[in-house]
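The values are calculated or read from the model by the stated rules, or taken from the named source; none is laboratory data. What you are looking at is a predicted structure, and each value in this text was computed from that prediction instead of being measured. With ideal geometry, Cβ positions are generated from the backbone for all residues, glycine too; neighbour counts draw on all protein chains shown.
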Amino acid sequence: MALRKMKEGAKDIKITKRKLNTRKPTSETVHNEQLHDAIRIQAYYNYLYRITHNTPGDQLSDWLEAEKYIHNSRKRRKTSA
């Protein structure tokens, strides 16, 4: 990390340069992003179903049901393969 000092009037201002995280995404991060996207889309479908059928619930219940659905469907695919 580089550190510079600049004088501005009577005050010292410290300016730091930080390296950006330039690592390439791993297969695990790609997998996590895909999983998150699948849950997000399913939660949206849960929301649409909830508002069209006037059933009780909220965003959190939509998300939790989506997580359960996605995880169960992934387990079924693994056991049938």
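Here are the numbers:
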read-out: Some residue of region 10-26 being in a helix (DSSP H, G or I) and either at pLDDT 70 or above or surrounded by 12 or more Cβ atoms within 10 Å (Cβ to Cβ) (or both); value: no
read-out: Residue pairs meeting the criteria (Cβ under 8 Å; at least 6 apart or on separate chains; first without any contact (Cβ under 8 Å) to a residue 60 or more places away in the chain and on the phi > 0 side of the Ramachandran plot, in region 58-81; second surrounded by fewer than 15 Cβ atoms within 10 Å (Cβ to Cβ) and outside any helix (DSSP H, G or I)); value: none
read-out: All positions within region 28-62 that are over 18 Å from ARG74 (Cβ atoms), charged (D, E, K, R) and surrounded by 11 or more Cβ atoms within 10 Å (Cβ to Cβ); value: ARG50, ASP62
